[in-house]
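*Asks:* Please find one structure pasted underneath; my questions will follow.
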């Protein structure tokens, strides 16, 4: 069988996502404060920490753990980010329901499912200075690497690299959506907080999956 990991590690994997967002609470709010409300880190950490408490001590499948994360974000985060990230994670969960093991092909479906679910509620895309500047290149990089015969681990590395490059690209973009779009050219020169949090999530997801591959 090709490289894969068990969906029984769902609680541990989502707990890793919780820890990276909670650890970067101040950093994300600091970035957001430059052109936004300054509460992105506070809100994200609140929602993710709520999920952390909900899954603690429970052995959940990846789909079940992502469901808990979705619920925590939809209910616990104000503004637009709760529904956006909630849609991303429920889209991911839907692709792995009933799966026992996840190989690279299934993981590619998980990523694409999350992106498609998010695109159902927003028209934002690459170049808008938002989380899509991180997410879309990262998903496409994983799919491309997998299609070209890369190992699961190498495809995850490609995803991480693309996510980082996408995050960094937002520094040179003018915001076209959200509160920051009112600033016009003044939004240049700073990273987008959503792009940064998305990069943190995708990077930690990859780093959590890689040592579990067998």
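*Asks:* Please order 134, 122, 7 by the number of other Cβ within 10 Å, starting at the fewest.
*Replies:* Exposure proxy ranking, most exposed first: 122, 7, 134.
*Asks:* Can you give the helix-only mean residue ellipticity at 222 nm for the chain, where every DSSP H stretch with n ≥ 4 adds -39500 (n - 2.57) and the sum goes over all residues, rounded to the nearest 500 deg cm²/dmol?
*Replies:* Counting only the DSSP helices, I get -21000 deg cm²/dmol.
*Asks:* Taking a ≥ b ≥ c as the square roots of the eigenvalues of the Cα gyration tensor of the chain, is the shape rounded (a/c under 1.5), prolate (a/b larger than b/c) or oblate?
*Replies:* oblate
*Asks:* Please arrange 26, 3, 185 by counting, for each residue, the other beta carbons lying within 10 Å of its beta carbon, fewest first.
*Replies:* 185, 26, 3
*Asks:* In degrees, nearest 10, range 0 to 90: what is the angle between the Cα axis of helix 104-119 and the longest Cα principal axis of the chain?
*Replies:* Tilt relative to the chain: about 30 degrees.
*Asks:* Same structure, new question: Neighbour counts of other C-beta atoms within 10 Å: give me 197, 208 arranged from fewest to most.
*Replies:* Ordered from fewest to most neighbouring Cβ atoms within 10 Å, 197, 208 come out as 208, 197.
*Asks:* Going from the alpha-carbon gyration tensor of the range 122-169, what semi-axes, largest first and in whole Å, does one get by taking the root of 5 times each eigenvalue?
*Replies:* Square roots of five times the eigenvalues give 22, 10, 6 Å.
Just so you know, all these numbers are worked out from the coordinates, no wet-lab data involved. All of these numbers come straight from a predicted model, not from anything done at the bench. Every residue, glycine as well, gets a Cβ built from its backbone with ideal geometry; the counts of neighbours run over all protein chains shown.
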